[in-house]
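Taken together, the values in this text are just the output of simple stated rules run on the coordinates, not laboratory data. Being a predicted model, the structure only gives us computed values, none of them experimental. So basically every Cβ, Gly included, is an ideal-geometry build from the backbone, and we count neighbours across all protein chains shown.
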């Protein structure tokens with residue numbers, strides 16, 4: 001995949017801003033389709049293979065991947081949605097581990113890890129006791 005250099009970035013910004021008169025119009029305009037239109041069909045397929053928008057986990061659930069500059073890609077799921085996922089999910093043909101934000105039923109993070117197996121083995125038993133008291137109506141394994 002060729003990197004987007006300064007000239008290409010400027011041209012993309014001009015295309016995104018074309019026809020807009022206010023900041024709100026630019027802010028609400030989706031940039032992703034514009035960037036994808038610069039890629040060939042094979043490059044788009046390669047991008048979807050190595051850096052997908054959604055990741056299918058071992059338990060069959062699909063999680064939305066979040067990519068941020070300078071940070072590893074991450075997913076955020078409630079602990080119940082991670083049952084039966086024993087190892088850390090990976091992208092880019094298994095080369096890049098995904099950071100997993102494990103959430104309580106209230107959608108608040110209880111653990112952030114790239115070692116899901118270690119979480120289930122070492123941290124989950126302690127966290128489970130605490131969360132069971134707070135959220136007794138939820139399923140706990």
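Of everything in segment 99-111 that is in contact (Cβ under 8 Å) with a residue 24 or more places away in the chain and not in a loop (DSSP other than H, G, I, E, B), the residue that is farthest from residue 64 (Cα to Cα) is 110. Of all residues in segment 82-98, those satisfying the criterion of being assigned to a strand (DSSP E or B) and surrounded by fewer than 18 Cβ atoms within 10 Å (Cβ to Cβ) are 90, 96. If I filter segment 130-140 for residues that are touching a helix residue (DSSP H, G or I) at 6+ places or on another chain (Cβ under 9 Å), surrounded by 11 or more Cβ atoms within 10 Å (Cβ to Cβ) and part of a loop (DSSP other than H, G, I, E, B), do I get at least one hit? Looking for residues that are touching a helix residue (DSSP H, G or I) at 6+ places or on another chain (Cβ under 9 Å), surrounded by 11 or more Cβ atoms within 10 Å (Cβ to Cβ) and part of a loop (DSSP other than H, G, I, E, B), one finds at least one in segment 130-140, hence yes.
Within segment 34-81, being loosely packed, with under 14 Cβ neighbours inside 10 Å, in a helix (DSSP H, G or I) and touching a strand residue (DSSP E or B) at 6+ places or on another chain (Cβ under 8 Å) holds for one residue alone: 50.
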